[in-house]
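Quick note: the coordinates plus some simple rules give every number you see, no bench work behind them. In this text the structure is predicted, and so the values were computed from the model without any measurement. In this analysis, Cβ positions are derived from the backbone assuming ideal geometry, glycine residues included, and neighbour counts consider all displayed protein chains.
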Amino acid sequence: MLIDTHAHVNAPEFREDAASVLDRAAAAGVKRVICVGYDLPTTEAAIELAEQDSRVFAAAGLHPNSVAEAPGDWRTRLEVLARHPRVVAVGETGLDYYRDWTPPEAQRDAFRWHLELCDRLELPVIVHNRYADDDVADVLLRWMSSRPGVGAPGVLHSFCGPMEMMERCVAAGFAISFSGMLTFRNKSLQSLAAVAQYAPETSILIETDCPYLAPEPHRGRRNEPAFVAAVAARIADLRGKSVEYVEQLTWKNAHRVFPRLGEADGA
Ligand SMILES: [Zn+2]
């Protein structure tokens, strides 16, 4: 029983064949897929998929790179979408200083707004972070110090930061999600293997972030949720555990981080 905690089957890349992509995922043992919105249209599309398919859940968010181009009333509209019963998380939100389509200050404002929405709706957050370790940690730790909610605060998705960033975030209660990047053999990603090896067991999640970042041996192709098995296999290899063990572990962790998955299961 695998769960892909971060997929964009709601993206235009899957417009033609989303249903067969989800069937292939189920055939590969991927019984749950969280479709993550990155703007208003893709959040709507994620909810639509989740309404049609009981294996699919949605997350409602505006990617930091998309803040500048979003319509002026995006906050009101996103909050309405986030209240849908098939939504299990707020996001993706966060900070991305690699691209400068949205000024950093506007990204931080939007990020903090998403966290306030988490508090209002009692939902966890899905955090995107690129070249912004210190500011992401700063915003998240400030939030945690004033956060009224109980339960897991959320996840740093497609994690590729250093060990120290993992430790800071795990200490604050966040989960760490590994994507296909973990299967790449680039030298620059060697430290990521060490992070996946030493991250506390209860903090680990897996994802594809499809259609991007297809894991080995699918690298270079369009990624899809069925390939999340390759990420589980790599973690099992790094940690000296069986694949079944990692599947069960990440399944259980996902249900703790995203409690609404369990409510839907009747668990
Ligand atoms: Zn994503």
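Structure summary
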quantity	calculated
The chain, helix-only ellipticity at 222 nm - DSSP H runs n ≥ 4, -39,500 (n - 2.57), divided by all residues, nearest 500	-13500 deg cm²/dmol
Proximal lysines to Lys252, defined as alpha-carbon separation beneath 19 angstrom and excluding residues fewer than eight positions away on the same chain	Lys31, Lys241
Two-site label geometry, Leu141 and Glu201: point separation in nm, points 7 Å out along Cα→Cβ	2.9 nm
Overall Cα dimensions of segment 2-265 - principal axes, largest extent first, Å	46, 40, 34
Globularity ratio of segment 120-206, using Cα Rg and 2.2 N^0.38 Å	1.08
Over segment 15-109, relative contact order from alpha-carbon pairs under 8 Å, at least 6 apart, %	27 percent
Most to least packed among 115-122, 100-107, 2-9 [average Cβ atoms within 10 Å]	2-9, 115-122, 100-107
Modelled FRET efficiency - R0 41 Å, Asp100 with Ala172, Cβ distances, 0.05 increments	0.90
Pairwise label distance in nanometres, Gln52 with His84, each label 7 Å out on the Cα-Cβ vector	1.2 nm
Length gained when the stretch Ser20-Gln248 is fully extended (0.36 nm per residue, less Cα-Cα span)	79.6 nm
Under the Karplus curve 6.51 cos²θ - 1.76 cosθ + 1.60, θ = phi - 60°, whole-Hz ³J(HN,Hα) for segment 230-246, x wherever Gly or Pro sits	5, 6, 4, 5, 5, 5, 4, 4, 5, 9, x, 10, 6, 4, 4, 4, 5
Lys, Arg +1 and Asp, Glu -1 on Cβ, resulting dipole of the chain about Cα centre, debye, nearest 20	560 debye
Ordering of 67-73, 200-206, 84-90 by burial proxy (mean other Cβ atoms within 10 Å per residue, highest first)	84-90, 200-206, 67-73
Cα centroid separation - segment 195-247 against segment 143-175, whole Å	19 Å
The chain, relative contact order in percent, only Cα pairs under 8 angstrom and at least six apart counted	20 percent
For segment 32-45, Karplus couplings with θ = phi - 60° (6.51, -1.76, 1.60), whole Hz, Gly/Pro x	9, 9, 9, 8, 9, x, 10, 6, 5, x, 6, 5, 4, 5
